[in-house]
Protein chains: 2
Amino acid sequence: MKSIPLILIGCGGVGSHLLHHIVSCRSLHSKQGLWLRVAGVCDSKSLILAEDLLNKGLDDSILLETCRIKSAGLSLSKLGDFGECRVFNHTESHGKILDIASQLGKTTGLVLVDCSASSDIVEVLKQAVDVGCCVVMANKKPLTSSMEDFEKLFTYPRRIRHESTVGAGLPVIASLNRIISSGDPVNRIIGSLSGTLGYVMSEVEDGKPLSQVVRAAKSLGYTEPDPRDDLGGMDVARKALILARILGRRINMDSIQIESLYPKEMAPDLMTVEDFLGRGLSLLDKDIQERVEKAASKGNVLRYVCVIEDSKCEVGIQELPKNSPLGRLRGSDNVVEVYTRCYSDQPLVIQGAGAGNDTTAAGVLADIVDLQDLFP
Amino acid sequence: MKSIPLILIGCGGVGSHLLHHIVSCRSLHSKQGLWLRVAGVCDSKSLILAEDLLNKGLDDSILLETCRIKSAGLSLSKLGDFGECRVFNHTESHGKILDIASQLGKTTGLVLVDCSASSDIVEVLKQAVDVGCCVVMANKKPLTSSMEDFEKLFTYPRRIRHESTVGAGLPVIASLNRIISSGDPVNRIIGSLSGTLGYVMSEVEDGKPLSQVVRAAKSLGYTEPDPRDDLGGMDVARKALILARILGRRINMDSIQIESLYPKEMAPDLMTVEDFLGRGLSLLDKDIQERVEKAASKGNVLRYVCVIEDSKCEVGIQELPKNSPLGRLRGSDNVVEVYTRCYSDQPLVIQGAGAGNDTTAAGVLADIVDLQDLFP
């Protein structure tokens with residue numbers, strides 16, 4: 001049986017789903033000769049480690065208890081009462097993870113699995129890469145800080161996986177990497193990479209006022225608590241930056257042209273959420289409605305997309321033919337169109353749910369399993 | 001530099017494109033620390049081997065000359081005059097390949113790359129698997145013969161790649177394998193996996209008679225020389241069988257229900273191609289036209305698809321909603337819809353060119369590169 005030791009960083013929605021998936025796939029993976037050994041789990045406050053790091057992992061009962069504790073909003077440190085594990089507090093945890101990384105990285109191997117939403121963790125990941133660890137990320141932030149950080153993380157490209165940073169579990173990164181390694185030049189990527197903005201744009205296409213659509217989306221739980229976190233386009237820009245960088249563009253966030261769906265004077269530091277949802281949003285209705293109508297008069301629709309082409313990397317509203325994969329998009333699915341030499345007239349299209357803890361965690365798990373050939 | 005030694009079996013359209021891709025990717029792969037070392041190439045008549053099998057490959061000049069010779073319809077044995085290589089004839093070649101497989105399989109590793117369309121090669125591939133070789137296939141036949149052959153080839157699943165057996169270079173198999181390894185249960189696959197039949201069905205949808213569409217497709221070079229090779233559905237059935245088997249179904253070709261677009265009395269042994277293209281096809285127009293109209297009256301369209309669901313594996317015409325990814329399909333693109341727990345209401349959709357030597361060879365090359373972690 002091949003053992004893949006891992007430490008999970010971040011046990012919120014995605015992390016908890018991952019632990020559930022790992023436990024429920026035990027018999028499947030065992031048939032493939034694989035054992036995913038969870039040596040530790042941590043959140044922002046505590047790190048829990050298996051007693052015998054070299055040979056055993058945390059018991060499945062502890063992993064499921066972790067999910068229960070986190071979904072109840074409790075602290076991981078409660079796990080100390082539960083069985084064979086050791087608890088470390090926040091100040092110790094990064095140092096402890098690096099100790100284990102040095103110990104296991106060069107012998108049995110270790111995967112650091114980053115399902116957090118933290119920027120701080122990039123230092124730990126970089127040092128872990130240095131000592132031979134693999135890194136799997138659902139967290140976009142380590143890949144969207146400086147170009148130096150990005151290149152450091154990709155020192156050994158085969159040891160890094162990050163499918164779930166773009167389009168959740170959709171096989172976007174895996175497919176792009178296949179295209180890249182076959183030498184097929186990517187001429188253009190255009191994608192709708194926000195389920196929220198996909199929903200918003202297809203609803204305004206039907207003639208509904210933007211304000212009403214956003215308010216409905218918020219009450220359906222489709223948006224962040226402050227919908228400006230979606231409408232500002234920063235999340236899409238992060239995904240665009242990751243795509244551009246894996247295509248070899250050495251660019252930073254400030255090279256990306258980002259169109260926000262709200263003006264500067266409605267920014268969070270100038271207007272409360274309530275004000276924005278009330279009078280703010282209503283002020284935006286007319287302009288969007290006019291753009292929708294102008295597009296429709298040409299047989300087009302508006303989509304909030306990222307476009308990567310030549311040296312250009314843009315995020316914002318584009319007019320697209322109603323009869324293209326992006327133009328036909330309805331609801332909250334993500335769509336990515338990739339144009340290459342092999343896919344020149346008609347793009348390679350990948351479409352499906354691009355959000356959700358279940359599918360995001362499934363993408364992370366597939367990444368971990370795909371690292372197996374690097375383990376002894 | 002990591003060296004991946006390989007022997008190419010079959011240097012027709014796909015094989016020649018692969019050799020071209022390998023040569024033109026030299027600098028790209030070298031940046032990734034990879035060297036694809038072509039130890040040998042063979043067609044149905046000859047095998048050409050590098051002189052120093054352990055350390056060198058055939059020169060790039062020989063690889064390009066191979067492409068030139070094959071596209072001129074000449075025999076590979078001509079390469080003997082060209083440089084440092086050895087030529088073997090048909091009777092020796094399989095034995096010689098197995099000698100090398102035993103020699104390299106357990107030491108530096110060896111990839112057998114099957115771009116032929118031959119059924120005979122399966123015995124060689126099975127024995128090569130036994131001695132530790134990797135196998136990459138564009139050839140569907142080794143995976144669609146007996147279940148025993150299939151299971152033997154998959155003795156070490158990580159050493160087998162076959163992306164280009166379904167949808168050419170489209171990332172169908174890679175995506176399915178990710179879904180499988182994450183434990184996300186596949187409930188249903190429905191796909192249009194023949195560019196020819198995709199084109200035919202979207203043309204008859206527009207009201208054109210089947211006979212006219214097939215004759216046009218043939219003159220455009222979209223069909224096999226005898227269009228019944230496409231219209232019979234056997235090629236789609238082979239792809240369906242491969243998909244069903246990687247989902248774990250232990251079935252054979254005779255378990256697949258195949259709907260042929262022509263009746264038994266027009267089979268090749270009873271009717272010449274000319275007769276079929278003339279009076280035969282015209283006799284089929286009315287029935288298809290009625291089915292198209294009946295479907296249209298319900299807002300549906302006809303598509304020639306494979307459906308894999310529960311224990312069912314079927315290939316034939318289905319009525320599908322005009323407003324589904326398959327219903328919207330136009331022209332010769334392939335589309336695959338995959339329904340799983342994560343993609344339950346809306347499927348994961350992969351769409352794009354599913355034929356062509358360039359994209360098929362690109363898929364094979366990506367498969368080879370993806371084996372790199374298995375090499376020392």
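A short reminder: the numbers here are calculations on the coordinates, not readings from a lab. Keep in mind that this is a model prediction, so the values were computed, not measured. Heads up, the Cβs are rebuilt from the backbone with ideal geometry, glycines too, and the neighbour counts pull from every protein chain shown.
For peptide A:362-368, compute the average count of partner chain beta-carbon atoms within 10 Å of each residue's beta-carbon. If you average over the peptide's residues, the count of other-chain Cβ atoms is 5. Computed from the Cα positions only, the extents of region B:186-353 along the three principal axes stand at 49, 35, 27 Å, in decreasing order.
Site pair B:SER260 and B:LEU54 shows an inter-label distance of 5.5 nm when each label is modelled 7 Å from Cα along Cα→Cβ. Add +1 for every Lys or Arg and -1 for every Asp or Glu among the other residues with Cβ under 13 Å from the Cβ of B:LYS298, and state the total. Summing Lys and Arg as +1 and Asp and Glu as -1 gives +1. Of the peptides B:70-82, B:317-329, the order by per-residue mean of other Cβ atoms within 10 Å, starting with the highest, comes out as B:317-329, B:70-82.
Among B:183-195, B:216-228, A:222-234, the peptide with the highest mean count of other Cβ atoms within 10 Å heads the list, and the full ranking is B:183-195, A:222-234, B:216-228. Where only DSSP H runs of four or more residues are counted, the protein assembly as shown gives -11500 deg cm²/dmol as its mean residue ellipticity at 222 nm, each run worth -39500 (n - 2.57). Charges were assigned to the Cβ only: +1 to each Lys and Arg, -1 to each Asp and Glu. The resulting dipole of chain B about its Cα centre is roughly 740 debye. Shown for A:LEU220: label points 7 Å from Cα along the beta-carbon vector, and their distances to the equivalent points in the other copies, 3.8 nm in ascending order. With label points set 7 Å from Cα along Cα→Cβ, the inter-copy distances at B:GLY73 are 7.9 nm, sorted shortest first. Length gained on full extension, B:ARG158 to B:ASP226, computed as 0.36 nm times the residue gap minus the Cα-Cα distance: 20.7 nm. Per-residue mean of foreign Cβ neighbours for B:162-175 is 3 (Cβ atoms of other chains, 10 Å radius). Simple spin-label estimate for A:GLU319 and B:SER219 gives 3.9 nm between the two label positions (7 Å along the Cα-to-Cβ direction from each Cα). With the charge dipole of chain A set up from +1 on Lys and Arg Cβ and -1 on Asp and Glu Cβ about the Cα centre, the Cα lying farthest toward the positive end among the listed residues A:VAL113, A:LEU243, A:LEU374 is that of A:LEU374.
The rotation axis bringing chain B onto chain A passes closest to the chain B residue reported with its distance as B:ASP373, 2, by C-beta distance in whole Å. The other copies place their A:LYS322 label points at 1.3 nm from this one, listed shortest first, where each point is 7 Å from Cα along Cα→Cβ. The mean number of partner chain beta-carbon atoms within 10 angstrom of a residue's beta-carbon across peptide B:331-344 is 3. Sorting the segments B:8-16, B:337-345 by their mean number of nearby beta carbons within 10 angstrom, highest to lowest, gives B:8-16, B:337-345.
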